[in-house]
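Take a look at the structure below.
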Amino acid sequence: MKILVCITHVPDTTSRIAFTDGDTKFDSNGVQYIIGPYDDYAVARAVELKESQGATITVVNVGRVETEPTIRKALAIGADDAIRINAEPEDSYFVAKQIANVAKDSGYDLILMGRESIDFNGGVVHGIVGELLEIPSVSSVMKLDIDGNVAKIAREIEGGKEYIELEMPFVAGCQEPIAEWKIPNMRGIMTARSKPLNVVDPVDTDHLDKLVRFELPPPKGDIKMIDPEHMEELVSLLKNEAKVL
Amino acid sequence: MSVIVFVEHDEGRIKKSSKEAVCYAAALNSGDVIALVCGNTEQKEMELLGQNGANRVLHATESRLDHGDIQAYASVISQAMDKENANIVVLAKSSVSDAVAARTAIKADASFATNVTELPDTADGFKVKRSIFTGNAFAWVELLKARKVICISKNAVIYKEEGGSAGVIDFSPVLTDNDFKSNVTGRDKATGKVLLPEAEIIVSGGRGLKGPENWGMIEDLAEALGAATGCSKPVSDLEWRPHHEHVGQTGVKVSPNLYIAVGISGAIQHLAGVNSSKVIVVINKDPEAPFFNAADYGVVGDAFEVVPKLTEAVKAMRS
Ligand SMILES: Cc1cc2nc3c(=O)[nH]c(=O)nc-3n(C[C@H](O)[C@H](O)[C@H](O)COP(=O)(O)OP(=O)(O)OC[C@H]3O[C@@H](n4cnc5c(N)ncnc54)[C@H](O)[C@@H]3O)c2cc1C
Ligand SMILES: Nc1ncnc2c1ncn2[C@@H]1O[C@H](COP(=O)(O)O)[C@@H](O)[C@H]1O
């Protein structure tokens, strides 16, 4: 089985979000980068599948050279090789076009992604890649087992789960609890250094949208503290002041 | 010109979020608003979409559309766009809508945006505001193509119920086996409950509640308020509560009018899922809990004493 896992290189979940250049660029000053948490689940599940039934895992990222440490981390967790498509990930259509271009004619049985990236939050790249490759895509995948050529999937729906059977190949947007996040061990980190990381050039695409500017939410107002003995006061404030009851 | 709204339903009832999407489409003022409903739904429910601003309803009755098949929905929507000469499609955030929006846009050669939080700015071009960094920032994006697919988040528009009833027209798009490759074999679903992403009020519990046996008081408060229940990630990891109740960065993102957090510390990853709530109440015994920095109202106290008192006060107000 050949698995392609698409990973993002995103600010750590605790990062302070700020912008520069007249609110048109993310301020990466002092920011730590990680594999997107959902993508991390996808990598972890791919590694489990490799361990249980055999597979080769390629990871792919659309990004500039600074994403390579993040890619190496995925190699350290257990991916076999990596592709970095050398371009700024401008928008989801651009990214999906690049991934589809790398994946087409390469015979991947499974393309695993995160349900969404935590910077862009599009939740769309898996859908677009599926559409471009003319294969199905499933999102919010919380369980994925492979039996012969058929995948048994549980996906999260509002208030519960839906069970699906689907023939490979397809694209899956993964989320927890599909697998346990894996922490690379020393041996993994050592071997990752010599695993192939191929850098390829992007293909041209047309542009569907254009960033105008970023904006931060308005600062939060002051908090009102209420005496724990006086919950009727809280209820009255929620009803008459906040008007939410 | 016209606008198509992809309308989702749950157990035959049209989702509030989809009705909101109809309101959004009406507020665009870009021609007729056509609600597209797939699969088995109550006739009355569809007609009532007129109150939200739908001029008519297209009903794709094919029974295979009862399930949330992303490919099939995208095919139906793009065919409806052609049939109705529609330039804009509006969807509401759901477990399938982002991906449906994306596939539809590719089929229809359209620009697209998900997590859109307000009406577009059309003064010069067509610009939408979308939420990014899990609610911690926004991006204004210009959609360049003539056709546009927009997936909105909750509260993107003022909700309205006025106007009359909409006529329902049968719609039979051409669908092939290729559109239905995912074979749905079953569902496990809480029935008759307020769904978390749709809820106006949410009562959420964290590890401070010590164990699943203590959720009774959370449920009592939720019931008194007509609220849905949520939880923090460790609570669902420990299987005290089902996974679909877990709120935050890796769970459900919610934007209720009122979010009441009980015994939750307020880690940034939890806040990421709740920061678009209108009003936040935090109950925590530790006055230093970070959640207080994100709250509108705070109560420092022991949840086991405070929550029952709050439930009584709500009941007293409601009676
Ligand atoms: C990549 C990543 C993603 C994550 N995603 C999520 C996510 O989506 N959602 C999420 O929730 N977490 C997420 N987390 C975990 C998050 O960092 C926190 O660990 C988690 O939110 C803590 O849950 P908690 O507040 O319930 O528990 P704790 O941090 O243990 O807090 C318990 C709180 O209860 C209070 N308390 C104790 N007893 C009482 C009492 N009797 N009465 C009142 N208060 C009491 C304590 O003062 C404390 O503040 C993520 C972490 C990472 C690294
Ligand atoms: N620059 C990128 N490189 C590789 N994969 C990506 C990139 N951006 C997004 N993806 C994948 O697409 C998923 C969904 O992203 P998004 O549509 O941006 O929410 C992510 O979880 C990744 O698996």
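The values are calculated or read from the model by the stated rules, or taken from the named source; none is laboratory data. Here the structure is a predicted model, which means the values were calculated and not measured. Using ideal geometry, Cβ is built from the backbone for each residue, glycine included, and neighbour counts are taken over all protein chains shown. SASA here: full protein model, heavy atoms, side chains in, ligands and nucleic acids out. Shrake-Rupley method; radii C 1.70, N 1.55, O 1.52, S 1.80 Å.
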Requested in this report: Would you mind working out the accessible area per residue for chain B, using a 1.4 Å probe, and quoting it in Å²?
Outcome: 37 Å²
Report task. Counting only DSSP beta bridges with both residues in the stretch A:2-216, tell me the antiparallel percent, nearest 5. Result -> 45 percent
Query raised in the report: Does a label point 7 Å from the Cα of residue A:134, set along Cα-to-beta-carbon, have any residues of the stretch A:88-106 with amide nitrogen under 17 Å, and which are they?
Result: A:100-106
Query raised in the report: For the stretch B:145-193 and the stretch B:260-303, what is the separation of their Cα centres, given in Å?
Result: 34 Å
Query raised in the report: Using alpha-carbon positions, what is the distance between the centroids of the stretch B:30-55 and the stretch A:1-71, in Å?
Result: 41 Å
Report summary line: For residue B:315, counting only lysines whose alpha-carbon sits under 27 Å away and dropping same-chain residues fewer than eight positions off, the answer is A:224, A:239, A:243, B:16, B:193, B:210, B:278, B:285
Report summary line: Any helix of chain B counts here only if DSSP assigns it H throughout, its Cα atoms span 20 Å or more along the axis, and its mean Kyte-Doolittle hydropathy is at least 0.0, and such helices are B:303-318
Query raised in the report: How big a patch of accessible area, both sides summed and in Å² to the nearest 100, lies buried between A and B at a 1.4 Å probe?
Result: 7000 Å²
Query raised in the report: If we sort B:300-309, B:161-170, B:22-31 on the protection proxy, mean other Cβ atoms within 10 Å, highest first, what's the order?
Result: B:22-31, B:300-309, B:161-170
**Report entry** Rough spin-label spacing in nm, given labels placed 7 Å along Cα→Cβ, for residue B:63 and residue B:317
**Finding:** 4.8 nm
Query raised in the report: If only Cα atoms are counted, what is the Rg of chain B, and what is its Dmax, in Å?
Result: 20.8, 60
Query raised in the report: Hey, can you rank B:42-54, A:140-152, B:257-269 by average C-beta count inside 10 Å, highest first?
Result: B:257-269, B:42-54, A:140-152
Report task. May I ask you to give the percent of accessible area on the protein assembly as shown that is carbon plus sulfur, with a probe radius of 1.4 Å? Result -> 48 percent
Query raised in the report: For the stretch B:172-308, what is the relative contact order in percent, using Cα pairs closer than 8 Å and at least 6 residues apart in sequence?
Result: 21 percent
Report summary line: Here FRET efficiency (C-beta to C-beta, residue A:19 to residue B:293, R₀ 25 Å, nearest 0.05) is 0.70
Report task. Return the lysines within reach of residue A:210: Cα separation strictly under 18 angstrom, same-chain partners fewer than 8 residues apart disregarded; answer none if there are no such residues. Result -> A:25, A:97, B:127, B:129, B:145, B:148
Query raised in the report: Cα atoms only, chain A: Rg and Dmax in Å?
Result: 21.0, 68
Query raised in the report: What percent antiparallel are the DSSP beta bridges of the stretch A:105-242, to the nearest 5?
Result: 65 percent
Report task. Go through B:6-19, A:11-24, B:115-128 and give me the packing order, highest mean Cβ count within 10 Å leading. Result -> B:6-19, B:115-128, A:11-24
Requested in this report: Provide a whole-number value for the mean count of partner chain Cβ atoms within 10 Å of the Cβ atoms in peptide B:142-148.
Outcome: 3
Query raised in the report: Based on DSSP, what percent of beta bridges with both residues in the protein assembly as shown are antiparallel, to the nearest 5?
Result: 35 percent
Report summary line: Taking a probe of 1.4 Å and leaving out DNA, RNA and ligands, the stretch A:82-179 shows per residue an accessible area in Å² of 29 Å²
Query raised in the report: Which length gain, in nm to one decimal place, applies between residue A:232 and residue A:80 when the Cα-Cα distance is subtracted from 0.36 nm times their residue separation?
Result: 48.6 nm
Query raised in the report: Across the stretch B:176-185, in residue order, what do the Karplus-derived ³J(HN,Hα) couplings come to in whole Hz, using 6.51 cos²θ - 1.76 cosθ + 1.60 with θ = phi - 60° and x for Gly and Pro?
Result: 10, 4, 4, 6, 10, 6, 7, 9, 6, 9
Requested in this report: Determine which aspartates and glutamates satisfy two conditions relative to residue B:19: a Cα distance under 16 Å, and not lying fewer than 8 residues away in the same chain.
Outcome: B:8, B:10, B:11, B:32, B:42, B:45, B:47, B:118, B:161, B:162, B:198, B:200
Requested in this report: For peptide A:89-102, compute the average count of partner chain beta-carbon atoms within 10 Å of each residue's beta-carbon.
Outcome: 1
Query - Mean Cα-pair separation over length for the stretch A:2-216, i.e. relative contact order, pairs under 8 Å, 6 or more apart, % - result: 27 percent
